[in-house]
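*Asks:* Please find one structure pasted underneath; my questions will follow.
The values are calculated or read from the model by the stated rules, or taken from the named source; none is laboratory data. Since the model is a prediction, treat every value here as computed from it, not as a measurement. Here the Cβ positions follow ideal geometry from the backbone for every residue, glycine too, while neighbour counts run over all protein chains shown.
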Amino acid sequence: MSLAAHRGQGVVRPAAAVGATEAVAPPAVYVGLVTRAIAFAVDAALVQLVAIAVAGTLALILSVVSLPDQLDGVLVVLGSVAYGLWLVGYFVVFWSVAGQTPGNRLFQIRVCRAVDGAAPGPGAAVLRFLGLILAALPLFAGFVPILLDNRRRGVHDMLAGTVVVQAPAADP
Amino acid sequence: MKAPVESVLRTGGAIGAAVTRPVVRTVNGAAAAALDAVLRSRLSGDLVERVAASPLAGRALRGALGGPLVEALAHDLVRYRVADRLLSEELVEQTTARVLEGPELERVVHAALDSPTVERLIGSAIQSRLLDETVVRLLESDDLWLLVDEIAQSPAVTAAIAGQSASFADQVAGGVRARSRSADAWLEQRARRMLRRRPAPSAGSGSG
């Protein structure tokens, strides 16, 4: 099907073809719920593995350093903030810089702006992440539109103006 | 009185030798030329062939091999270090190079490999206890494992293993990707059917 977006929206081209002529732009293939969920699970596993490794190392260090008990609460708050920043930073940085997280790359999919196919900016990436949380809160109901929308967009995609397309790996 | 006689005799002998030496040389040259002519002649060739084909030659050879000649020959070969001298000459190297480069060796090897005898010999060698013992000893030797370690750690082998692992991971990931995309299409179809919605514009893949 043509890249002309449905419902009066813009045109999506694969990032490699942005700036190229219309003739060489292959049609984008929007990615469905299952693939995106597995790719997200891979990313979640990566994020948690790193967080656990770092937290374990810090806990070992703190176990040999005697700190006042009053600092425990501060450390918990600091750890939570650091975890939150790491979690948000992981997705925002990967989406905005490459359009792909490691999990996306494994499954050869890419997040891009619906309008021009470029990687979303940092603002759009933050908005998309917040939309992701919002979509998950009502028993993941915010992801149901992926099954019904012609461009397979969830609530977070609609909020950030993004789509998820297939991005086959370039031949070596 | 003796001295003049001896002097005369010596002088006479010297004169005689001086006169006869050219004659003897000429006669020797003529004899050598005659011998060459005889050796080149067809008659002498025929004679040699007849003698070689006759029972006399066989009897002579048997007699020589049965007599003390062989022992004497072997003794002299050792005594005069013939083998050492031959090996020290370039002749051996030249001969070896000629044999290795020539087509004869290849022909002989091909003929040997094609022969059923060699096949039988190889079969019996494989089934022999000697081979089993050799393999056991080889496996017990530390040098073999050192060699195996060296080969296993060589860049070529590690690169090949890494390449195989990467291609295996790619293969697995490709399989998971294909299945997840089929699942995408299947789930979407079910959801649309359940909600009585029209199928996706591009069936299955949901391509835009």
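*Asks:* State yes or no: is B:GLU93 surrounded by 10 or more Cβ atoms within 10 Å (Cβ to Cβ), acidic (Asp, Glu) and either free of Cβ contacts under 8 Å to residues at least 24 places away in the same chain or more than 28 Å from A:ALA167 (Cα to Cα) (or both)?
*Replies:* In short, yes.
*Asks:* Would you pick out the residues in the range A:25-52 that are part of a helix (DSSP H, G or I) and over 19 Å from A:PHE91 (Cβ atoms)?
*Replies:* Hit for the range A:25-52 is A:VAL34, nothing else.
*Asks:* Here's another thing I want to ask about it. Just to check your reading of the model, which residue among B:VAL118, B:VAL136, B:VAL176 is surrounded by 11 or more Cβ atoms within 10 Å (Cβ to Cβ) and either assigned to a loop (DSSP other than H, G, I, E, B) or within 30 Å of the chain's Cα centre (by Cα) (or both)?
*Replies:* Matching residue, one of B:VAL118, B:VAL136, B:VAL176: B:VAL118.
*Asks:* What's the total number of residues in the range A:80-112 that are in contact with a helix residue (DSSP H, G or I) (Cβ under 7 Å, 6 or more places away or on another chain) and either of a type outside the set (A, V, I, L, M, F, W, C) or modelled with pLDDT under 90 (or both)?
*Replies:* Qualifying residue count for the region: 11.
*Asks:* I've got another one for you. Given the conditions (1) part of a helix (DSSP H, G or I); (2) closer than 28 Å to A:ARG151 by Cα; (3) in contact with a helix residue (DSSP H, G or I) (Cβ under 9 Å, 6 or more places away or on another chain), report the number of the one that B:PRO199 does not fulfil.
*Replies:* The single condition B:PRO199 does not satisfy is (1).
*Asks:* What are the pairs, 6+ residues apart or on separate chains, where a residue within the range B:44-55 that is farther than 18 Å from B:ALA34 by Cα has its Cβ under 7 Å from a residue that is basic (Lys, Arg)?
*Replies:* If the second residue must be basic (Lys, Arg), no pairs are left.
*Asks:* Right, another one. Can you work out which of the residues in the range A:146-158 that are within 14 Å of chain B (Cβ to nearest Cβ) and buried (at least 18 other Cβ atoms within 10 Å of the Cβ) is nearest to A:GLY121 (Cα to Cα)?
*Replies:* Residue satisfying both the conditions and the ranking: A:ASP157.
*Asks:* Regarding A:SER96, is this residue over 11 Å from the mean Cα position of the chain (by Cα) and either within 17 Å of A:ASP157 (Cα to Cα) or not in a helix (DSSP H, G or I) (or both)?
*Replies:* No: the conditions fail for A:SER96.
*Asks:* Here's a follow-up. Is it true that some residue in the range A:33-54 is over 13 Å from the mean Cα position of the chain (by Cα) and on the phi > 0 side of the Ramachandran plot?
*Replies:* Checking the range A:33-54: not a single residue is over 13 Å from the mean Cα position of the chain (by Cα) and on the phi > 0 side of the Ramachandran plot.
*Asks:* I've got another one for you. Can you find even one residue in the range B:160-173 that is of a type outside the set (S, T, N, Q), assigned to a helix (DSSP H, G or I), within 14 Å of another protein chain (Cβ to nearest Cβ) and surrounded by 12 or more Cβ atoms within 10 Å (Cβ to Cβ)?
*Replies:* Yes, because at least one residue in the range B:160-173 is of a type outside the set (S, T, N, Q), assigned to a helix (DSSP H, G or I), within 14 Å of another protein chain (Cβ to nearest Cβ) and surrounded by 12 or more Cβ atoms within 10 Å (Cβ to Cβ).
*Asks:* Scan the range B:108-130 and tell me whether some residue there is within 30 Å of A:VAL29 (Cβ to Cβ), hydrophobic (A, V, I, L, M, F, W, C) and at pLDDT below 85.
*Replies:* No, that holds for no residue.
*Asks:* Do we find that B:VAL157 is loosely packed, with under 11 Cβ neighbours inside 10 Å, modelled with pLDDT of 85 or more and β-branched (Val, Ile, Thr) in this structure?
*Replies:* No; evaluated as a whole, the condition is false for this residue.
*Asks:* Take the residues in the range A:159-172 that are assigned to a loop (DSSP other than H, G, I, E, B) and in contact with a strand residue (DSSP E or B) (Cβ under 7 Å, 6 or more places away or on another chain); name whichever of them is nearest to the other protein chains (Cβ to nearest Cβ).
*Replies:* A:ALA167
*Asks:* Looking at the range A:106-141, which of the residues that are free of Cβ contacts under 8 Å to residues at least 60 places away in the same chain and more than 15 Å from the chain's Cα centre (by Cα) is farthest from the other protein chains (Cβ to nearest Cβ)?
*Replies:* A:LEU137
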